[in-house]
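Derivation of every value follows stated rules applied to the coordinates shown; laboratory data play no part. These figures come from a predicted structure and were not determined experimentally. Cβ sites come from the backbone with ideal geometry, for glycine too, and all protein chains shown count toward neighbours.
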Amino acid sequence: MARSRTVARSLAAATLWLAVDAIPGTAPAGPQDPAPAATREDPVPQKAQASADRAVRWLLKAQNADGSFGDNPGMPGEIGNTCIAVLALMSTGSTPTRGAHTRAIQRATTWLDRRARGFGISSEHLDSGTLLQRKLGANIDLYLLTLLGSQLLGNGVDEHDEVRLQGELVGAVERIAAAQQANGEWETSYEPMLTTICAWLALRQASDAGIRIPSASADKVVRYLKQDCFEPASGIFHDAKWGRGVRFVSQSGALRVLYGMGEGGSADVQRATQYLLQMSFDADVGGHEGGEEFLAALFATQALHIERDGNWRAFYPRIVDALVACQNRDGSWVGHHCITGRVFCTSCSILAMLTPHRLLPMVER
């Protein structure tokens, strides 16, 4: 993974057409409406910032001597956990060349560069059988590497690193695109909807970074969510894998895609959003949150932040309160089922808390 310069990427109009050509049905992100004055003055309240700061301190201590991150402190490094941890550190405003956590990011990306080089060609050097792969699909490392690479692209230390990262991403998106099924889904996994949404997010962000996606269709993902998963009368998204039960993870993930596709104002999405606002993020397994719930908290936060309307103002304080309430004394978060690793849960929580700072490109769309 290339080392990078400042996260200061603004795609010119000549580049934005790639988002349309690359993922059919995807409208390029236009200029963002200014946030309300109160939001501009204090986008992340002190309660959320203090919680995130404690979590970042814990995350830095959890980093292995070789720069990697495992499921928990002291465990062998894994690609997926290292990717999500780097994204969390970048959400604080640090990059591989500037900021308080530059050194930690450099060490992690250097480890990824050695461990995962060639991920655009094959999975030969990627992990196998990890907890993240068992829950989010065998290709989750590929999705997370592509997502992280899209956030780093344009910030390379030198031209050579930039060109090499582009080459990796071109190959990676071809591999991901080729795996999309006819109905819009990606691989069948323990969490089919979340797996599909992770694949969509990786391709969407790569497209926004100027990488052409050759065959995958975002419209197919929308069709899958609306026709295979959505119950219009109630506004609920169901995952067939889970007996079409009502789950915060399904509701949040679906809305992340639909808001990202510019459908936040539609009647169906507004109905689904109102249902989300009534849900508790830890309600899926009797009030015991797992890693999927922390990922869903991130998806819901990013989804509603895109519009930054009344729904956002209602939701964000509540998710902050919920996350703070279950934060461990040491600053970490832990999953009580499924994805239990503290690095993953903590990284997702940091990303959710700091979303309003808008320091990662993926926050915008």
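Sorted fewest first by neighbouring Cβ atoms within 10 angstrom, GLU289, GLU162, GLU185, GLU307 come out as GLU307, GLU162, GLU185, GLU289.
Taking other C-beta atoms within 10 Å as the exposure proxy, LYS47, LYS226, LYS61 rank LYS61, LYS47, LYS226 from fewest upward. Fewest neighbouring Cβ atoms within 10 Å first, the residues HIS357, HIS160, HIS101 line up as HIS160, HIS357, HIS101.
Report, in deg cm²/dmol and to the nearest 500, the calculated mean residue ellipticity at 222 nm for the chain, where each DSSP H run with n ≥ 4 adds -39500 (n - 2.57) and the sum is divided by the residue count. Show your work: numbers first, answer last.
Working: 15 runs with 190 residues, N = 365.
Calculated from helices alone, the mean residue ellipticity at 222 nm is -16500 deg cm²/dmol.
The separation of segment 56-116 from segment 204-230, counted between C-alpha centres, amounts to 29 Å.
By the equivalent-ellipsoid construction on the alpha carbon gyration tensor, the chain comes out with semi-axes of 26, 24, 21 Å, ordered largest to smallest. Between SER280, LEU169, ILE319, the Cα set farthest toward the positive side of the dipole of the chain (charges on each charged residue's Cβ, about the Cα centre) is that of ILE319. Between the amide H of ILE236 and those of GLU231, distances stay under 5 Å, these residues lying 5 or more places away or on another chain, with hydrogens modeled in the peptide plane. Taking each residue as 0.36 nm, the span from TYR190 to VAL324 lengthens on full extension beyond its C-alpha to C-alpha distance by 45.5 nm.
When +1 charges are put on Lys and Arg Cβ atoms and -1 charges on Asp and Glu Cβ atoms, the dipole computed for segment 38-363 relative to its Cα centre reaches about 440 debye.
What's the magnitude of the charge dipole for segment 155-252 around its Cα centre, counting Lys and Arg as +1 and Asp and Glu as -1 at the beta-carbon? Answer in Debye, nearest 20. All intermediate terms of the calculation are to be shown ahead of the outcome.
Working: 10 positive and 14 negative charges, 108 e Å.
Magnitude of the dipole: close to 520 debye.
Lysine pairs in the chain 8 or more apart or on different chains: how many have alpha carbons under 25 angstrom apart? Mind showing how you got there, number by number?
On the way: LYS47/LYS61; LYS135/LYS220; LYS135/LYS226; LYS135/LYS241; LYS220/LYS241; LYS226/LYS241.
Taking the chain as the scope, the lysine pair count is 6.
Here's the picture: charge each Lys and Arg Cβ at +1 and each Asp and Glu Cβ at -1 in the chain, and of SER128, ALA178, GLN151 the one pushed furthest to the positive end of that dipole is GLN151.
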